[in-house]
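Everything on this sheet refers to the single structure shown next.
Just so it is clear, none of the values below were taken in a lab; they were calculated from the coordinates. Computed from a predicted structure; not experimentally measured. Please note: Cβ atoms are built from the backbone with ideal geometry, for glycine as well, and neighbour counts cover all protein chains shown.
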Amino acid sequence: MTIIGIDLGTTNSAVAYLKNGKPEILVNKMGGRTTPSVFQINQNGEMVIGQEAKDAYPTLVTQTVMEVKRLMGTDEKVTVKGKEYPPEEISAYILKYLKTSAEEILGEPVTEAVITVPAYFSDSQRKATKIAGEIAGLKVDRIINEPTAAAIAFGFENMEKDQHILVYDLGGGTFDVSVVEMFDGVIEVKASAGNNHLGGMDFDNAVVAWIEKRFQEKNAYNIYVNADETDKLRRNAILKEAAEKAKKLLSSQMSTRIDIPFLGIYNNLPISVDFELTRSEFENLIRDMANSTLHEVDKALQDAGLTERDIREVLLIGGSTRIPLIQELVERKFGKTPRKDINPDEAVALGAAVQGGIKSGEIDSKSGLMVIDLCPYTLGMEVVKNIGGQIVPGYFDPIIPRNSTIPISETKMYYTASDHQEAVDIKVYQGESHLVSGNILLSDDITLDGIPPKPAGEEKIEVTFTYDINGTLQVRAKVLSTGKVVEDIIRSQKGVLSDEQVAAAKEKVHQDWDKSELYQEVKNVIYRAEKMRNDASPSDKQKIEELLSELKRELAANNTNGVKRVEEELTDLLIELV
């Protein structure tokens, strides 16, 4: 059974598998090698995923969800046509599309996947991604970091070389950098850093802001003048589309025109845009953001104990690395030209497919390929300190330091803080601040009771953190004097669905998908019927409308037999009327 590799991106996603021992991209149902990560409910109430949804975004702006990856691991909901969806469910629809596309090409069911995430994704974001896969009908035993996957794709073809490489991964919505050592068939991640809110979409937004400012200066009124909330969203969607197009063109030419003939009406005149944007102007718009990535590069190098001179190869991953300014900054920093023989849009999915092959046994363990990853952030718990005789809470005590090789298990000893203390609340955090207020709360619902009531400091509490290869954290606490133990797999405070919610979402996605597949089978006959209805006689028009209504009822009920029966009746009627 094939285990596919999925790069679930902010703006685009990709799928790969092993073919004759080599990773290969699987095209989607439209023949594309990547799929826009876009979810939409169209005017007919049908679900649309990918390029078709992206193309229709400006006209269906309130019915479209883009960039949902940035909401993963939060408790935010997105509303589409009056219905609320958790981010995991939207991601599940995208994964379902990728899954079924793969099944059509492979000609067999796909039930398992390795899914990639940004190296700096939090515990809750990783869990949310795994849950999205489960909702989509995929077993997801492995979650791996995107730059690690890219390093695997590179290392798979370059295993004979012992070297340090740096993976610079700038995608649509996130930035990661990893320092990787390759030796004797081993791919070991030495350090990672990144920013989960920096990517190509932020460059697009900078261009949109530039257009808005130029328009205001030229016309003395706002580009969103006279627009209600929906129309503001529509105009902004058109601007984003134009900004993205301009950004891409400026990677191969020195200037481009941003020409939007119609956005709306003001003072009986059309609101339009016609500006020239040069590459130099674009680079000035994004320079601060681009430079900020080099700070993360420095952090990763420092954590790895290396300098630029120690790096043999630099891999540019993610579509945003096609921007000349990005390439120039990286080349200047390392004094060498980054590798150009790796497709930045596909490397992550290809590496995930290799990892899937290792797991399934398609890649023989005797080949020597071994991947050693790390935990990119510090994990610890809240403790109190005695300051001037006062017990002061809110301090963070690290247990697993950032960039620790995984899997890892670390144990620390703690003591009761007050006299006659009989219980302790263990609050788990992720981050680098010495105060918990500056870190991310992962859990505050672990309580260890049954502590013998003795003077402060006499009872010892042993706390163990175990972090596995998928980024799952398990916490265990033990009262040494009694042996009383409490342990829990951390379910983060926000953004992680309960088992019941996951089961309900899985059933809902399955039903919605079946309805969508049924609709795809009959949409052509619906289109023909609606077109012929306009020119039909009153009696024939009534027959068409009755059958159309019945067909839509059967679709809503997800009744396959009923849909096929009415489709045949409607087709026969249309043939008679020709």
Per the 1/(1 + (r/R0)^6) rule, R0 = 45 Å and r from the Cβ atoms of ALA220 and TYR527, FRET efficiency to 0.05 is 0.45
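Between the DSSP loop rule and a limit of at most 10 other Cβ atoms within 10 Å, which GluC sites (Glu not before Pro) in segment 100-160 are left? Working shown, then result.
Details: sites: GLU103, GLU104, GLU112, GLU134, GLU157, GLU160; in loops: GLU157, GLU160.
Here the GluC sites (Glu not before Pro) that fit, given the DSSP loop and packing criteria, are GLU160.
List GLU217, GLU296 from most exposed to least, where exposure is judged by having the fewest other Cβ atoms within 10 Å. Write out the running numbers ahead of the final one.
Details: GLU217 8, GLU296 19.
Ranked by crowding around the Cβ, least crowded first: GLU217, GLU296.
Does segment 298-346 classify as rounded, prolate or oblate by the C-alpha gyration tensor (a ≥ b ≥ c root eigenvalues; a/c under 1.5 gives rounded; else a/b over b/c gives prolate, otherwise oblate)? Each step should come with its number before you reach the end.
Working: a/c = 1.92, a/b = 1.72, b/c = 1.12.
It comes out prolate by the Cα gyration axes.
Specify whether the C-alpha gyration tensor of segment 58-152 places it in the rounded, prolate or oblate class, a ≥ b ≥ c being the square roots of the eigenvalues: rounded for a/c under 1.5, otherwise prolate if a/b is larger than b/c and oblate if not.
On the way: a/c = 1.88, a/b = 1.23, b/c = 1.53.
Note, shape of segment 58-152 comes out oblate.
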The local net charge around THR337, scoring Lys/Arg +1 and Asp/Glu -1 for residues other than THR337 whose Cβ lies under 15 Å from its Cβ, equals +2
Subtracting the Cα-Cα distance of LYS232 and PHE183 from 0.36 nm times their residue separation yields 12.2 nm
Amide H contacts under 5 Å for GLU157, restricted to residues at least 5 apart in sequence or on another chain and with H modeled in the peptide plane, are none
Helix 538-556 sits off the longest principal axis of the Cα atoms of the chain, rounded to the nearest 10 on a 0 to 90 degree scale, by 10 degrees
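Can you give the relative contact order of the chain as a percent, counting alpha carbon pairs under 8 Å and 6+ residues apart?
Details: 1171 pairs, mean separation 82.9, N = 578.
14 percent.
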Output for segment 31-98: GluC sites (Glu not before Pro) sitting in coil per DSSP, at most 14 other Cβ within 10 Å, listed by number, reads GLU76
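Answer rounded, prolate or oblate for segment 198-241, using the Cα gyration tensor with square roots of eigenvalues a ≥ b ≥ c: rounded when a/c is under 1.5, else prolate when a/b is larger than b/c, else oblate.
On the way: a/c = 3.15, a/b = 1.31, b/c = 2.41.
Verdict is oblate for segment 198-241.
Determine, for ASP204, ASP176, ASP184, the number of other Cβ atoms within 10 Å of each Cβ, and report the residues in order from fewest to most.
Lowest count first: ASP184, ASP204, ASP176.
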Spelling it out for LEU26: with amide H atoms placed in the peptide plane at 1.01 Å from N, the residues 5 or more places away or on another chain with amide H under 5 Å from its amide H are VAL15, ALA16, TYR17
Between [x] 34.1; [y] 48.2; [z] 62.8, the structure-derived mean projected area of the Cα convex hull in nm² is [x]
Length gained if ALA504 through ASP55 is fully extended, taking 0.36 nm per residue and subtracting the Cα-Cα distance, is 158.6 nm
Counted neighbours (other Cβ, 10 Å), sorted fewest up, put VAL314, VAL525 in the order VAL525, VAL314
For segment 377-526, the count of lysine pairs 8 or more apart or interchain whose alpha-carbon atoms are under 23 Å apart comes to 24
